[in-house]
Structures are given as C-alpha cells and as structure tokens.
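The structure appears right after this line, and notes come after that.
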Amino acid sequence: MQDRSRVLLRSSIAGAKKRDVTTKRADLTDVEQKLRELAAEGRTDELIAMVIDLLAQVQRDNTALAARLHSALRQLYGRKSEKLSVDQLSFLFDELGDTAPQSAQEVVDEAVAADADGAVQQPEQSPRPAGKRGGKRTPLSEKLPRRKRVVRVHDELRVCASCGNEKEVFDHITSEILEFIPAQFIVIEEHREKLVCKQCGNGVVTADSTKPMDRGRPGAGLLAAVLVSKGQDSQPLYRQCQIYQRGEVQLSDSTLGDWFAFGADVIEPIAKRLRAFALGSLVLGADDTGLPVQEKNNPKHKTKRGHLWAYVGYRDDGNVVVFDYTPTWEATGPRKFLAPFRGILQGDGYAGFKQALTRERGDPLVPEERRLACGMHLRRKFEAAKDAGDARGAIAMAYFRKLYDVERQCKNEHVSYDERHARRQEYSLHRDQQ
C-alpha cells in the first residue's frame, strides 16, 4: 500500500510539473506571435519596448528568487550577523560609481576616514612573552564578601638551618581565590509567643507567623529561589527537585508548582505596576514569539503553541519590559493589553497587528499616525538585496549606518528624549531636507 501511494504521489508531482511546463510554453508562444506581428507591421519601437519590459520582469523575478535562495541558505549554513564592514561598504560604492547619491557617498567616506584614524591611533602592542597568555583578568566585584586566610609555613621549615633560630614573618604574598559555597537548606523552628493575663486568664494573644504561606513550609528565600530559577534561569521544576534532593530535601514537582503559582500571585501587584509604567511610556515597542505549552488536562501530554508578547516601554528613567501570555495568536490578546495605551507604538510588519490595533466596533485602537515601523526589519530587506547581487542596497545601508552612529552616541551618553530628538534633527536628516 505504501509503495502504491508513493507511485501515485510521484505521478501527481510529475503531472503538475508537466502542466507547469506546458503553460509556460504556451505563454512564450503567445509572446513570440505578438513579437512577429509587431515586426511584420514595422512597429520596431513597440517591439523593443516590449522586449525590454519582458527582460526587466525576468530580471526582477530572478533578483527576488536569488534573494529568497540566499536567505534560505543563510538560515541553514550562513552567519546570523547582519553587520557590514567599512571595507565591504566601500567596495559596493566603488561598484556603484557615479550612480550613488552624494550624501550616501559622504557617509561612506566619513566611515572610511574614521576607521583609518582609529587604526592609526591604536597603540602598538608589545610582543607577548612566550608561555604567557594575553589579556587581563576581570577584577572581582567589591560587593563580594571577603575572608582572610593566613597560610603558615610548615613547622620543619620555620627553623633556620644555619643558626638554629626560629624564623620571623617579614612579608606576605597576597592572591585572590574565588570560592563557591553551595547553598544549604536550614529548618527554622518558629516559636510564636502566646500571651495571657495570669491574673484573670483572659485576653490570650498570639504572635503572627512569618511564614509566607499559611499551609506551606517554604520560607521567603526558598520561594524567591524557585521563582528566579524557573522564570529567569529557565530551570524546570523537576530539575529543581533533583538539585534539592542533593541537599537532603525531598520535594515533588507538583509541590514546587503550587509554590511557584503562589509566588506569582504574590508578585502580581509588581507586574501590574510595571504594566502601568510601560503603557504610560511615550513609545512602546511590541513583538511576540511562539512557545510550546503543555496542557495539564491533555491525556496525550501533547504541547500546543502559545504566544508570549513582549512590550518595551522606552522611558528617560530606564526601559520597562512587560510580558503578556496569550494561548492563541488571536488579536483579542494584544487588543486588550493595548486598550489604555495613548502613545506611539513600534512593531514589525506582522499582519495581525492591523487587526489587533482595531477595536471590535471598527475604529482604530492606535491610529496610523501613532504607529512606527521597525528600522531593523527595513534594513534587513536592503541587506538581502545587497547579498542577492544588487549593489544599490548598500546606499540604504550607508544611511542606516549614519543613523546607528547617532543612536549609539545618544545611548552611550544617556541623553534625554528631547536631546536625542535634537541630535536626530541635526545629524540624521538628509542635507537637502534641512
């Protein structure tokens, strides 16, 4: 049965290829007939224009296919970095010649000059001594606790072999040892006071417990460790159980799951506060990523695809990142989250945002004038064109280089949004737009 299915599949594929070839030949026959008619009627200009249009279409299709092929091969085997060196950029502009805009050429010249100056200003490195590794050790943080350990010389070496007198300490050789003390569990026996009036026996009072959970045994530090290990360090609960078992503590992953859910409820007010900070930002970046989610009630223990939406609020006092999980890719999730937002939204070209940014009654949740595209996604298109052999993509990449230089300088100097806007107006605009 399987062999028959394979034969039928191959036959259907071969038939589809044959029909595709037949269709293309029919199209070429029509084109050939049209060209012969134009030649017979002496309409040479129209014939040449038609041929040029056909060649241009073939060139566009070939460029698009080459870009798609390059992108696929790069995803499989190539580097993921999209950086373009000054030498590569200069080479592409040499290929463009006089067709490159003067403003873009000036950006490349500035980059080449800056790169040359940087190379000249680099101090000469002394030759590395044989047998020694280069580089310096990263200094240990001053916040780490320190303990002093004095290492004594062995007793048999403390007596002078020449005169027999005991040697005295005149100096120490100091070095640092970075040590790790494994975490340990301790059991805190909580004894809560109970008070009563001995005179009358009334008014019994009891001290409040310091336990975070009424019926659970974890302390605040253990709850925090479970939350951080799973949420920040991506440590599954069952692995945490294995780690804790080495510390003579037997816990089940279901118990840790209950503790994690309790801890998440405790810090929910913090999450709401972060959400308010993000939605109150002038500019909010939005993106999503799919992730496998295991359903508890699924008898086959299969996973489904959920979505984690990341929202980054850009603020003068520091960026705020908020995550919002939705079980599906439907627009109701981001629409509900962005309902109170009144700033400028930045995102990629995801088509679902168009529906997500529209209320159910049809009016826009975030108007077009308050939406920004992603410069990195835009640059990626020109980079793909450059890799496909179209040197004109380097023109846009030169402009992006100038923009990135301005943004990098503003970021390093921690300037305000007003100052950043002023620098953008001064250094980022095209000269004939100023």
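The values are calculated or read from the model by the stated rules, or taken from the named source; none is laboratory data. Because the structure is a prediction, the values reported are computed rather than measured. Quick reminder, even Gly has a Cβ in these numbers, built from the backbone with ideal geometry, and neighbours come from all protein chains shown.
Miscellaneous remarks
- Answer residue from region 45-67, given it is touching a helix residue (DSSP H, G or I) at 6+ places or on another chain (Cβ under 8 Å) and more than 19 Å from Phe382 (Cα to Cα) and is surrounded by the most Cβ atoms within 10 Å (Cβ to Cβ) among those: Leu47
- Filtered residues of region 221-250 (kept if polar (S, T, N, Q) and either closer than 26 Å to Ala271 by Cα or in contact (Cβ under 8 Å) with a residue 40 or more places away in the chain (or both)): Ser229, Gln232, Ser234, Gln235, Gln240
- Exactly one residue among Ala384, Ala388 is farther than 16 Å from Leu429 by Cβ, surrounded by 15 or more Cβ atoms within 10 Å (Cβ to Cβ) and over 25 Å from the mean Cα position of the chain (by Cα), and that residue is Ala388.
- Scope region 329-344; condition β-branched (Val, Ile, Thr) and either surrounded by 13 or more Cβ atoms within 10 Å (Cβ to Cβ) or farther than 21 Å from Ala271 by Cβ (or both); matching residues: Ile344
- Hits in region 232-268 (condition: part of a loop (DSSP other than H, G, I, E, B), at negative phi and out of contact with any helix residue (DSSP H, G or I) (no Cβ under 6 Å at 6 or more places or on another chain)): Gln232, Asp233, Pro236, Arg246, Gly247, Val249, Gln250, Ser252, Ile267
- Taking region 316-328 as the range and being among the β-branched types (Val, Ile, Thr), part of a loop (DSSP other than H, G, I, E, B) and within 15 Å of the chain's Cα centre (by Cα) as the test, no residue passes.
- Filtered by the rule that a residue be surrounded by 10 or more Cβ atoms within 10 Å (Cβ to Cβ), more than 25 Å from Ala261 (Cβ to Cβ) and not β-branched (Val, Ile, Thr), region 193-222 gives Leu195, Cys197, Ala207.
- Every listed requirement among (1) assigned by TED's automatic domain parsing to the domain that holds Gly290; (2) surrounded by 16 or more Cβ atoms within 10 Å (Cβ to Cβ) is met by Gly393 save one, (1).
- Residue in region 299-315 that is modelled with pLDDT under 85, surrounded by 13 or more Cβ atoms within 10 Å (Cβ to Cβ) and within 21 Å of the chain's Cα centre (by Cα) present: yes
- Flag for Arg361 being among the basic types (Lys, Arg) and free of Cβ contacts under 8 Å to residues at least 24 places away in the same chain: yes
- Meets criteria (at pLDDT below 85, assigned by TED's automatic domain parsing to the domain that holds Gly97 and touching a helix residue (DSSP H, G or I) at 6+ places or on another chain (Cβ under 7 Å)) for Gly349: no
- Looking only at region 164-206, and only at residues there that are among the basic types (Lys, Arg) and in a loop (DSSP other than H, G, I, E, B), the one that is nearest to Arg146 (Cα to Cα): Lys167
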